[in-house]
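Read the structure below first, then the notes.
The values are calculated or read from the model by the stated rules, or taken from the named source; none is laboratory data. Predicted model, so just to flag it, every value in this text is computed and none were measured. Counting neighbours? That spans all protein chains shown, and the Cβs are built from the backbone with ideal geometry, glycine included. Calculation scope for accessible area: heavy atoms of the full protein, side chains included, ligands and nucleic acids excluded. Shrake-Rupley method; radii C 1.70, N 1.55, O 1.52, S 1.80 Å.
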Amino acid sequence: MKVNWKELFPEPIRTILGRMPPALLDQVEEVRIREGRPLEINAGNTYHFLTPQGSPTGNPEEAYVPQKEVTHRLLDLISNHSLYTLEEELRKGFITIPGGHRIGLAGRTVLSGGRVEYLRDINGFNVRVAREVHGVADRILPYLLDMKSGQVFHTLILSPPQQGKTTLLRDLARQISSGTTKLTGGSELLQGIRPRLKVGIVDERSEIAGSYKGVPGFDVGPRTDVMDGCPKAEGMMMMLRSMSPDVLIVDEIGRPEDAEAVMEALHAGVSVIATAHGRDLSELSARPALRTLIAEQMFQRYVQLQRTSRGMTFRLADGKMRVLQQTGAGGEAFG
């Protein structure tokens, strides 16, 4: 189900967004709405406040300031007028809506037994805009394929937040599932090898496939099954038991149970492509849940992403940390 993300907002925010310069609007990644504070956007990894005329500004005093009635209308819209049906999402602190757009929430927590039971008095929203970019994986996929077997190398994609990991995962799923007749940047090494494999996506936050009522909203390929809204570790085990995937794709691993499930999949002969938050491998190695996976060289490929003013760049290494390919400030970027 495709959703125009600008239609998610109540007036006057919808009108303000519509007044923005088109080139800037096309780059919007986040819209941050805080009750009684300036309206802010993240576009092209740069933050701006917005005036009532839709103009970007660095001065918060010039910006439009949403009040309680606007934030209440927004909450009503994104909950489809039934906030009580979203208790589980409110406990997690975010709502995923049709189209894969994710809305982070801030407010006052209600605790039970020392754990968050509910979120109330919601006054802050971070709307993250999900986009589908076909071809963003073109320059990386050739290096993730095993020439001898035609299978996919176990791969970990790492970067800080908002560098394009989920967008890359989405296109990798599509290309691996559907097969590709054209690969750029290294495809001469892999002529005749076109992956057409069964892919299983464990989409805990409904961001990769953008599912609505179980049906993916994004093109993730014809041989792809999606376990939507399921915790990653449990979802990976369910996929292994019931759907016999050739490749498992999962976003943002980091908990001990995630690492255990990844190891289980690898030992079962299933390729895994996962992402994790981190600037480099030394930072990831400081996290106990990932340390063993890295130390035992469970992953055969590492892809480190970085966004620059020229686009997305990457550095790709094998399981022994030897660099296989990279683009730098003067190299060709993808995405």
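Things to note:
Matching residues to (1) open to solvent by 10 Å² or more (accessible area, probe 1.4 Å); (2) among the polar types (S, T, N, Q); (3) at pLDDT below 90:
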| site | (1), (2), (3) |
| --- | --- |
| Arg131 | yes, no, yes |
| Arg139 | yes, no, yes |
| Leu145 | no, no, no |
| Lys148 | yes, no, yes |
| Ile157 | no, no, no |
| Ser177 | no, yes, no |
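- Of all positions in the range 179-196, none carries a residue that is at pLDDT 90 or above, farther than 24 Å from Asp26 by Cβ and open to solvent by less than 10 Å² (accessible area, probe 1.4 Å).
- Taken as a whole, the condition of being open to solvent by 20 Å² or more (accessible area, probe 1.4 Å), in contact (Cβ under 8 Å) with a residue 60 or more places away in the chain, outside any helix (DSSP H, G or I) and of a type in the set (S, T, N, Q) applies to Gln306.
- Within the option set Gly210, Gly200, being modelled with pLDDT of 95 or more, within 17 Å of the chain's Cα centre (by Cα) and crowded, with 23+ Cβ neighbours inside 10 Å holds for one residue only, Gly200.
- Filtering Phe9, Phe49 for residues that are within 21 Å of Ala130 (Cα to Cα), surrounded by 15 or more Cβ atoms within 10 Å (Cβ to Cβ) and free of Cβ contacts under 8 Å to residues at least 24 places away in the same chain leaves a single hit, Phe49.
- Flag for Lys92 being within 17 Å of Ile13 (Cβ to Cβ) and open to solvent by 80 Å² or more (accessible area, probe 1.4 Å): no
- Subset tally (residues that are buried (at least 17 other Cβ atoms within 10 Å of the Cβ) and over 19 Å from Arg255 (Cα atoms)) for the range 220-239: 6
- Residue match in the range 69-82 (condition: open to solvent by 30 Å² or more (accessible area, probe 1.4 Å), of a type outside the set (Asp, Glu), under 30 Å from Asp203 (Cα atoms) and in a strand (DSSP E or B)): no
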